[in-house]
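Engineer: Below you'll find the structure I mean.
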Amino acid sequence: MKKVLSAVLTAALLVSTVPAAFAASDIDGHWAKSYITELHENGIINPSASTGNYGPDDKVTRWEFMRYINRAFGFTEKADISFSDVNSSDIFYETVQIAVKQGYINGVGNNRMAPEGTLTREQAATILGRLHKYTPTANLSALDMFSDRAKLSDYSKSYVAEAVKQGYINGYTNGTFKPQGTLSRGEIAKMLYGYMGTPLNKNGNVYSQATLKSDTKNVTISVPCTLADADIKGNLYITEGVLAGNVTLEDVTVAGDIIVSGGNVTLDGVSALEMVVSNPTGLTPQVIATGNTNIGTTEVKTSATLTESNLAATAGGFSDLKMNGSSVSLTLDAAVWDVANEQTGTILTTGSTSISTLTANGRTTVTGGGSVQKAVLNANGCELTMQPTSVELASGVTAKIAGKDVAASTSVSVSPSTLSIDVNNKDAIAFSYEFTFNADKNDLTRVSVNGTTLKQGTDYNLLSDKNGIRVYKTYLSTLKAGTYTAELTFEDGSKAAIGLAVSNSAQSAVSPSQITFDKYEQSANYADQTVNVVLPAGTRLDSIKIGSTVLERGTDYTYNATNGTIRLLKETLAKKSKGTYTVTFVPNQGSSFTCSLSVVDTAPVNEVQPSTVDFDANTSSGGYADLVVTLNMVDGAKLKNIRSNGKTLEENWQYKIEGSKVTINKSAVAEFGKSGASYADFVFVMSKGQSPTLRVNYVTTYALTASVVDDLGLPISGASVTFTPSDAESGTAAQTLTTGSDGTATVYVKRGSYVVTATHSRFTAAVTQTVKISAGRTVKLTGEILENVQLVVTNAYGAPLSGAVVTVGGKSITTGTDGTASFSLKRGSYVAQVACTGYSAQSVQLSVTDSIRERVQLK
């Protein structure tokens, strides 16, 4: 038996060495040998266990292609799947789960995946391009070499063009590409080899330039690791396979794109023109720029966190950002130039965040601290918690800025703005009515009434001697009784409105159109409700309904037919629940008419005053204090306990009662805000009656800094600065401080509006500015109207250029290590000349109406 076992083991060992020998003969001399060998060494493509062959010319099934991709990019996370042709017992079940989770393949329709089917050449190029997060903008001229380029599907053209341009896939010797043709294992090996480039797939390793291959440009990182002192000629792909692991890049230059799809990535001394951040699995990649890092443009396609920390003085960090995905949530702690959001998205900023220009082409919400110099809002519904230095709203756009609703000014004034006519008295309607406006009549493109376009020459015409229109009786007399809006639209999108009030004296009417009844018996509105109706001659009132209930005359209401007075009796109204009802008056002939009835109940209830308070969780601030409120109890009700977030507070420890005063301990209040909640509701549970609620908003104090400068922009020490609250929201008392040697004075205030006033012996008059505080903020107060203009000179990567000469208004300044040239200029228009050795000179038009900071990119 021992001899038999020994023989079996020996045979097994011999068989285990056979595939390599078979593989060598299988791919020896084959054009794809080097690609297959490399992928084999990285555990991506293996030979057949039974034959030892790779089958380089064999067609590859869809599930095999998925398996290669999953291995190449380190994908491991799985999705729940329910395809009719994929069972849990199938060898490819887990492979399909991973592929679906990564989102690069979805199936073939009808709830099928066709795992054992084949993948076309254009499908493979598209899948790999999407994995690399390419935006399909490649020059399609790369496809001109193929005689069958017309057979390419529209979705694949740009991806195929990019793959051909980069040499990942080629056509055939007869000049065709065969986009719907199948792929051999050798062709797939070449594509993966090109897209993947050098794989860095050993967890925790430190890689360098010596690791990178010379015959391929890209680098793929699929595990937590470090890459240092490297020059990448193609793209760097940090895959979703990294998950939440740490990836560090030190002194790395990337000629192509950096694609961040996973991990906590630290960029220390990294340069790249383009970076894409995108994770399809729901994870949030985090990227930190530190040291001498310069990233020209970062495109954020899914939720992400971008942070600048300890950047070198010569570094640009993240220069420009573009949010281009569905419901992107970006956390930003950085000083950036331009941020453009193309779809609905949110930006959470920190107190140190600054954005030079925010362009919102989709609904954008910006919360948190920091500053925005200029906001260009081209979509409705945008909301910014901070007040930008300047705001531009596209035509018809409304937004909320620093808590206030704002709207673009797109209206044209028109006179008269209203017209009233009685269609029952057509003789009193004039032949036409003139309306003038302060816009060019030749720019008028449309006149519409409640959405219906009027015909020029028939319904209206342009005035011959002035800007305006004439509306004809022939149109007005066709209108039925009611209220209409005539809208005038001009070429630039501007609009004007005319109100049309059309009455018909032959119709029934009721006055007033709205009545209110109070169920509280001690209220003045607990009374019969009186209305007056006007009926045409020969018409009488047949019945009255509240909702669908028909009222009984004498029991529910009284009616004086002589003067048209109707009294809705309080006993009937008191039976109605609170809400809004329609009272319908039905005449014996003609149409019914209505008025609105509101039923309210102002009976006193248990209540807490105030019902909303702010609490500062900052233990060093004056707002961190016990909460004292007044509890007004009615009908002998008693306080049983106080509850919040499902927890009951303990009396005489977390709260105490003294008569009508209730004090909640500050530590108890702070406890409910530790999870980051913006508010907590404390319910006062009563023995009877309504249990009132106290809403506690968790707020904090913010640093409000006044920077006082003279007409040259130099700091003024010894200036007296007073910070005075100017609205009810502000909860901080007035404070007066003296500026130090840096010309600043800082106080800590609660959210609200403040008037900041600076006086100094050198000023001819006090300087005052009102600010809205919802985050830390610095206010600059200047004695005269001289504006601080900063021009920051950078290269295409966003790195500041030192030694650049900037000339404005006859004064020249040479930039230092931060690339900045600062000028104190009077308001007006200037031309800035910028020159730097090794770069093309550039002229920049400046419109100075405020302190500005602009970038000049030299090439």
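Engineer: Any idea which residue in region 328-346 is farthest from P388 (Cα to Cα), counting only those that are β-branched (V, I, T) and either without any contact (Cβ under 8 Å) to a residue 24 or more places away in the chain or not assigned by TED's automatic domain parsing to the domain that holds L311 (or both)?
Structural biologist: By that ranking, first place goes to T344.
Engineer: Can you say whether N532 is at pLDDT below 95, out of contact with any Pro (no Cβ under 7 Å at 6 or more places or on another chain) and either farther than 13 Å from S508 by Cβ or surrounded by 14 or more Cβ atoms within 10 Å (Cβ to Cβ) (or both), as far as the supplied structure shows?
Structural biologist: no
Engineer: Select from region 448-481 the residues that are aromatic (F, W, Y) and assigned to a strand (DSSP E or B) and write down the one among them that is surrounded by the most Cβ atoms within 10 Å (Cβ to Cβ).
Structural biologist: By that ranking, first place goes to Y460.
Engineer: Hey, among K780, K811, K826, which residue is within 24 Å of G368 (Cβ to Cβ) and touching a residue at least 12 places away in the same chain (Cβ under 8 Å)?
Structural biologist: Step by step, each of K780, K811, K826 is checked, and only K780 is within 24 Å of G368 (Cβ to Cβ) and touching a residue at least 12 places away in the same chain (Cβ under 8 Å).
Engineer: Of the numbered conditions (1) under 30 Å from R553 (Cβ atoms); (2) at pLDDT below 80; (3) in a strand (DSSP E or B), A537 satisfies every one except a single condition; which is it?
Structural biologist: That leaves (3) as the condition not met.
Engineer: Looking at region 233-338, what strands (runs of 3 or more DSSP E) fall wholly within it and have at least 3 residues that are aliphatic (A, V, I, L, M) and either out of contact with any helix residue (DSSP H, G or I) (no Cβ under 9 Å at 6 or more places or on another chain) or under 20 Å from A72 (Cα atoms) (or both)?
Structural biologist: Filter on region 233-338 gives 246-260, 264-277, 286-291, 304-311, 328-333.
Engineer: Is there any pair linking a residue in region 353-368 that is in the same structural domain as A335 (by TED's automatic domain parsing) to one that is surrounded by fewer than 24 Cβ atoms within 10 Å (Cβ to Cβ) and aromatic (F, W, Y), with Cβ under 9 Å and at least six apart or on different chains, and which?
Structural biologist: These pairs meet every condition: I355/W337; S356/W337; T357/W337.
Engineer: Go through the residues of region 426-444 one by one and say whether even a single one is of a type in the set (V, I, T), in the same structural domain as T483 (by TED's automatic domain parsing), touching a helix residue (DSSP H, G or I) at 6+ places or on another chain (Cβ under 7 Å) and more than 30 Å from D727 (Cα to Cα).
Structural biologist: Yes, there is a match, as at least one residue in region 426-444 is of a type in the set (V, I, T), in the same structural domain as T483 (by TED's automatic domain parsing), touching a helix residue (DSSP H, G or I) at 6+ places or on another chain (Cβ under 7 Å) and more than 30 Å from D727 (Cα to Cα).
Engineer: Please find, within region 495-524, the residue that is surrounded by the most Cβ atoms within 10 Å (Cβ to Cβ) out of those that are within 47 Å of the chain's Cα centre (by Cα) and in a loop (DSSP other than H, G, I, E, B).
Structural biologist: Residue satisfying both the conditions and the ranking: K519.
Engineer: So, restricting to strands (runs of 3 or more DSSP E) that lie completely within region 550-606, which ones have at least 2 residues that are closer than 17 Å to V510 by Cβ and in contact (Cβ under 8 Å) with a residue 60 or more places away in the chain?
Structural biologist: Per the criteria, 579-587, 593-600.
Engineer: Confirm whether G819 is surrounded by 17 or more Cβ atoms within 10 Å (Cβ to Cβ) and not assigned by TED's automatic domain parsing to the domain that holds G370.
Structural biologist: Here the answer is yes, as G819 does meet what is asked.
Engineer: Tell me yes or no: at least one residue of region 381-404 is among the hydroxyl-bearing types (S, T, Y), within 30 Å of I498 (Cα to Cα) and not assigned by TED's automatic domain parsing to the domain that holds I852.
Structural biologist: Checked against the condition, which is being among the hydroxyl-bearing types (S, T, Y), within 30 Å of I498 (Cα to Cα) and not assigned by TED's automatic domain parsing to the domain that holds I852, region 381-404 yields at least one hit.
Engineer: Identify the residue in region 183-225 that is assigned to a loop (DSSP other than H, G, I, E, B) and among the hydroxyl-bearing types (S, T, Y) and, among all such residues, is surrounded by the fewest Cβ atoms within 10 Å (Cβ to Cβ).
Structural biologist: We begin by selecting, within region 183-225, every residue assigned to a loop (DSSP other than H, G, I, E, B); these are 183, 197, 201-205, 208, 212-218, 222-224.
Now drop any that are not among the hydroxyl-bearing types (S, T, Y), which leaves 208, 214, 216, 222.
Details: S208: 14, S214: 7, T216: 19, S222: 29.
Per the stated criteria, the residue is S214.
Engineer: Scanning region 682-707 for residues that are outside any strand (DSSP E or B) and at pLDDT 85 or above, which turns out nearest to Q387 (Cα to Cα)?
Structural biologist: Among those that are outside any strand (DSSP E or B) and at pLDDT 85 or above, it is P692.
Engineer: When region 233-252 is examined, which residues are found to be farther than 16 Å from A289 by Cβ and either under 31 Å from the mean Cα position of the chain (by Cα) or buried (at least 24 other Cβ atoms within 10 Å of the Cβ) (or both)?
Structural biologist: Selection gives N235, Y237, T239, E240, G241, V242, L243, A244, G245.
Engineer: Suppose we filter T281, T290 for residues that are touching a Lys or Arg at 6+ places or on another chain (Cβ under 7 Å) and assigned by TED's automatic domain parsing to the domain that holds D229; which single one remains?
Structural biologist: Result of the check over T281, T290: T281.
Engineer: Follow-up question, since we're still on this one. Would you tally the residues in region 191-236 being without any contact (Cβ under 8 Å) to a residue 24 or more places away in the chain and small (G, A, S)?
Structural biologist: Residues in region 191-236 being without any contact (Cβ under 8 Å) to a residue 24 or more places away in the chain and small (G, A, S): 5 in total.
Engineer: Output the residues belonging to region 463-520 that are of a type in the set (D, E, K, R) and in contact (Cβ under 8 Å) with a residue 24 or more places away in the chain.
Structural biologist: Result: K466, R470, K473, K480, E487, E491, D492, K495, D518, K519.
Engineer: Can you pull out the residues in region 553-593 that are loosely packed, with under 11 Cβ neighbours inside 10 Å and among the acidic types (D, E)?
Structural biologist: E571, the sole residue that qualifies.
Engineer: Quick one: T612 ticks every box in (1) surrounded by 15 or more Cβ atoms within 10 Å (Cβ to Cβ); (2) of a type in the set (V, I, T); (3) in contact with a Lys or Arg (Cβ under 6 Å, 6 or more places away or on another chain) bar one, so which box is it?
Structural biologist: In the conditions (1) surrounded by 15 or more Cβ atoms within 10 Å (Cβ to Cβ); (2) of a type in the set (V, I, T); (3) in contact with a Lys or Arg (Cβ under 6 Å, 6 or more places away or on another chain), T612 misses (1) alone.
Engineer: Separate question: Under 9 Å between Cβ atoms, at least 6 apart or on separate chains: pull out the pairs that start in region 679-694 with a residue that is on the phi > 0 side of the Ramachandran plot and end on any residue that is modelled with pLDDT under 95 and hydrophobic (A, V, I, L, M, F, W, C).
Structural biologist: If the second residue must be modelled with pLDDT under 95 and hydrophobic (A, V, I, L, M, F, W, C), the pairs left are G689/V605; G689/M633; G689/V634; G689/A637.
Engineer: Could I ask something else about it? For region 621-642, what are the residues that are within 12 Å of S691 (Cβ to Cβ) and in a strand (DSSP E or B)?
Structural biologist: Kept after step one, since they are within 12 Å of S691 (Cβ to Cβ), are these residues of region 621-642: 631, 633, 637-642.
L631, L639, K640, N641, I642 - these are the residues of region 621-642 that are within 12 Å of S691 (Cβ to Cβ) and in a strand (DSSP E or B).
Engineer: Restricting to region 664-681, give me the number of residues that are surrounded by 15 or more Cβ atoms within 10 Å (Cβ to Cβ) and either at pLDDT 95 or above or out of contact with any Ser or Thr (no Cβ under 7 Å at 6 or more places or on another chain) (or both).
Structural biologist: Summing the residues that are surrounded by 15 or more Cβ atoms within 10 Å (Cβ to Cβ) and either at pLDDT 95 or above or out of contact with any Ser or Thr (no Cβ under 7 Å at 6 or more places or on another chain) (or both) in region 664-681 gives 8.
Engineer: Collect the residues in region 417-441 that are touching a strand residue (DSSP E or B) at 6+ places or on another chain (Cβ under 8 Å) and without any contact (Cβ under 8 Å) to a residue 24 or more places away in the chain, keeping them in residue-number order.
Structural biologist: Answer for region 417-441, where residues must be touching a strand residue (DSSP E or B) at 6+ places or on another chain (Cβ under 8 Å) and without any contact (Cβ under 8 Å) to a residue 24 or more places away in the chain: just A428.
Engineer: Can you tell me which residue within region 607-620, out of those that are outside any loop (DSSP other than H, G, I, E, B) and in contact (Cβ under 8 Å) with a residue 40 or more places away in the chain, is nearest to V662 (Cα to Cα)?
Structural biologist: Only one residue tops the list, namely V608.
Engineer: Something else: Filter region 642-663 for residues that are under 32 Å from the mean Cα position of the chain (by Cα) and surrounded by fewer than 16 Cβ atoms within 10 Å (Cβ to Cβ) and give the result. Quick ask: steps written out before the conclusion?
Structural biologist: The first filter runs over region 642-663 and keeps only residues under 32 Å from the mean Cα position of the chain (by Cα), leaving 644-645.
Hit for region 642-663 is N645, nothing else.
Engineer: Looking at (1) over 30 Å from V397 (Cα atoms); (2) part of a loop (DSSP other than H, G, I, E, B), can you tell me which one D492 breaks?
Structural biologist: Only one criterion in (1) over 30 Å from V397 (Cα atoms); (2) part of a loop (DSSP other than H, G, I, E, B) is unmet by D492, namely (1).
Engineer: Additional query: Assigned to a strand (DSSP E or B), at negative phi and more than 38 Å from the chain's Cα centre (by Cα): is that true of V391 in this structure?
Structural biologist: No.
The values are calculated or read from the model by the stated rules, or taken from the named source; none is laboratory data. This structure is a prediction, so every number in the text was calculated from the model and none was measured. Positions of Cβ are generated from backbone atoms using ideal geometry, with glycine treated the same way; all protein chains shown enter the neighbour counts.
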